[in-house]
1. Take the stretch 151-167 and flag every residue that is hydroxyl-bearing (S, T, Y) and within 14 Å of A80 (Cβ to Cβ).
2. Within the stretch 202-216, how many residues are buried (at least 16 other Cβ atoms within 10 Å of the Cβ) and either at pLDDT 80 or above or at positive phi (or both)?
3. Under 8 Å by Cβ, and 6 or more places apart or on different chains, what pairs join a residue from the stretch 57-80 that is of a type in the set (S, T, Y) with one that is at pLDDT 95 or above and part of a helix (DSSP H, G or I)?
4. If I go through the stretch 126-150 residue by residue, how many of them are free of Cβ contacts under 8 Å to residues at least 12 places away in the same chain and either of a type in the set (D, E) or within 20 Å of I50 (Cα to Cα) (or both)?
5. In the stretch 148-168, how many are buried (at least 19 other Cβ atoms within 10 Å of the Cβ) and not aliphatic (A, V, I, L, M)?
6. Six or more apart or on different chains, Cβ under 6 Å: which pairs go from a residue in the stretch 207-226 that's part of a helix (DSSP H, G or I) to one that's open to solvent by less than 90 Å² (accessible area, probe 1.4 Å)? Could you list them?
7. Between G199, G247, which is in a helix (DSSP H, G or I), modelled with pLDDT under 75 and open to solvent by less than 30 Å² (accessible area, probe 1.4 Å)?
Amino acid sequence: INAQEVGNLINQITGSINNSSGGEKLSLFMRSLQVPKLAFAQLINIGQSINTLLATDLPSLAKGLQLAFRQEGIRDALRAGSTLDSVFREMHTTFGGSLGFTDWFLKWTGFSWTEKFNRTVATNAGMAWAQRLKEDLIKNPTNQMAKDSLVELGINPTEILKREFTKEELLTAGFRISNATQFRARPLDLPAFASSPLGKVAFQFKNFAYNQSIFLKRQLIDEFAKGHYGRGVRNLFVLATVFPMTGEVLGDIRSLATG
């Protein structure tokens, strides 16, 4: 790797690709004007916990929803790093650029609350999912899907059968599920073009669509490619039934709220 490639990578990580002071100021202004479009986005955003169902399973999601209303669950999401201020600052910067106005608007419209709730649910569901995968592996030590899923959560499937989970391992699993299903807004999570002033305007509300397409590929195409046919068919069923039903209900609620 040469110096130019290293420089480009650093620029992408820091979000400073093609940054000019004039262009950046104009980009901030244009994105700030668009923020009010999110006035009812919190109604749709609450349904993003369905992603957690796709990445885990129904009992894990139910556990995550239950713990999201308890201090224990809220505390674990914070300890895992899923609900840190830095995470929301990334999102707010992507949405509106001007942090003062964006923070105020997203807070009072309820968007920040729904985002925090989703991440809390996902974190606790991820912790429950790790435990369920271990139980499946105990019942069937040749369960390759359980082994691969544990590895994706940062857990050694061979070693974990010999002992109990540590709290740090469960928090890491929860953090990974939260990131996988609720998406971050870091420059590395978007195409390089999205870090330029013009790209920030073009991708202002495209973060979800871009990352959702990658997420669905992992849950469907990649699962079949790994030979996890049972998991792939199950995910296809969830995508074909639960996703449309949830979207219709939330769409009707939004239509009612907007008259």
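The values are calculated or read from the model by the stated rules, or taken from the named source; none is laboratory data. Given the structure is predicted, the values throughout are model-derived calculations rather than measurements. Cβ: placed from backbone, ideal geometry, glycine included. Neighbour counts: every protein chain shown. The accessibility values were calculated without ligands, DNA or RNA, using every heavy atom of the protein model including side chains. Shrake-Rupley method; radii C 1.70, N 1.55, O 1.52, S 1.80 Å.
1. T166
2. Number of matching residues: 3.
3. Once the first residue is of a type in the set (S, T, Y) and sits in the stretch 57-80, its partners that are at pLDDT 95 or above and part of a helix (DSSP H, G or I) give S60/A125; S60/G126; S60/A128; S60/W129; S60/R132.
4. Of the residues in the stretch 126-150, 2 are free of Cβ contacts under 8 Å to residues at least 12 places away in the same chain and either of a type in the set (D, E) or within 20 Å of I50 (Cα to Cα) (or both).
5. Going through the stretch 148-168 one residue at a time, the tally reaches 2.
6. Once the first residue is part of a helix (DSSP H, G or I) and sits in the stretch 207-226, its partners that are open to solvent by less than 90 Å² (accessible area, probe 1.4 Å) give N207/T94; N207/A185; N211/F183; Q219/L54; Q219/N235; E223/R231; E223/G232; F224/G232.
7. The conditions single out G199.
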